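Q: Before we start, here is the structure in question, set down as structure tokens.
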Amino acid sequence: MVIIVLFQLMPLFVGDTMREFPGLCGLFVAGIFSGSLSTVSSALNSLAAVTLEDYLKPVYLKIYKKNIPENRTGFISKLLALLYGLVCIAIAFTSEHLGGILQASLTIFGVVGGPLLGVFTLGMFCPCANEVGAVSGLVGGLIIAFWIGFGGPKPPPLTLPVSIESCSIESSTFGSNSTFEDFEISTENSTFLIETSNLRLSYMWYVLIGFFVTILIGLVVGWTYSMFCKTKPPPSDPNLFAPFVSRFVRRRTSRSESSSIEVKNYIKVEKLDPRGAIVSTSTESLKQDMSLL
């Protein structure tokens, strides 16, 4: 058996050390598949449920003025899970271009998690943020993060050779005994790709970059929209902010409410008959809001 890629070492080790014990190799393979499929199945079902509840049902209600029939929601949920599964299979074919498993997972979580963390932070700590700024910041952060994460070249990480050619140690699996010779790991191609790329950033920075880009775009776009559109934002709910920001919002709200005085003027209304005699008398209140300067 010839080892071509690094991921073949673990199956080779299992087959070499556990072949004397019947069933252990199959148990190892079953453990790998069950561990991965349990995570994938829960993720696909969650994505299908969120898409159905938060996107399809509101759109269907807005267009047809009624809810989706209950006998069709199950089929739609299964269809969405199937579509997301096909997307995962398509992404699996491109995973070989993302480097190792750790690098690929941190790249995907970084380009998506950074902007999401930014938009939640914007809503929890910035009372001046609005809907337009939050959406613009999220979209801008995702675009920048995806461009940095997938736009540049992805040279494979340098690893030790996996070939046992010229290995001097006897192996019961391969049965070869030869003299070890010096070898060199060529880094010319990967070094050239890294030096000629403008995106010479580690995948560890993707979360931080997406986070700050989302915050910056959200604040700038939100402030610009509120200044030029002259729209009065709705009152902020203090319970939606962080504790120390919530106290500031409550003080500001109470200060603005105390600056308004409600003045009540009561007027007396008398109804007269044609001869000028008073028929009935009533009292009405005239309310007027005044602001203290």
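The values are calculated or read from the model by the stated rules, or taken from the named source; none is laboratory data. As the structure is a prediction and not an experimental result, all values here were calculated from the model. All Cβ positions, even for glycine, are placed from backbone atoms using ideal geometry, and neighbour counts span all protein chains on display.
Q: Are any residues in the range 1-59 among the basic types (Lys, Arg) and within 30 Å of residue 72 (Cβ to Cβ), and if so, which ones?
A: Answer for the range 1-59, where residues must be among the basic types (Lys, Arg) and within 30 Å of residue 72 (Cβ to Cβ): just 57.
Q: Please go through the range 104-146 and pick out each residue that is within 20 Å of residue 201 (Cα to Cα), modelled with pLDDT of 90 or more and surrounded by fewer than 16 Cβ atoms within 10 Å (Cβ to Cβ).
A: 143, the sole residue that qualifies.
Q: Follow-up question, since we're still on this one. Say we look at the range 219-263 and pick out the residues that are in contact with a helix residue (DSSP H, G or I) (Cβ under 8 Å, 6 or more places away or on another chain), modelled with pLDDT of 70 or more and assigned to a loop (DSSP other than H, G, I, E, B); which of these is farthest from residue 130 (Cα to Cα)?
A: 242
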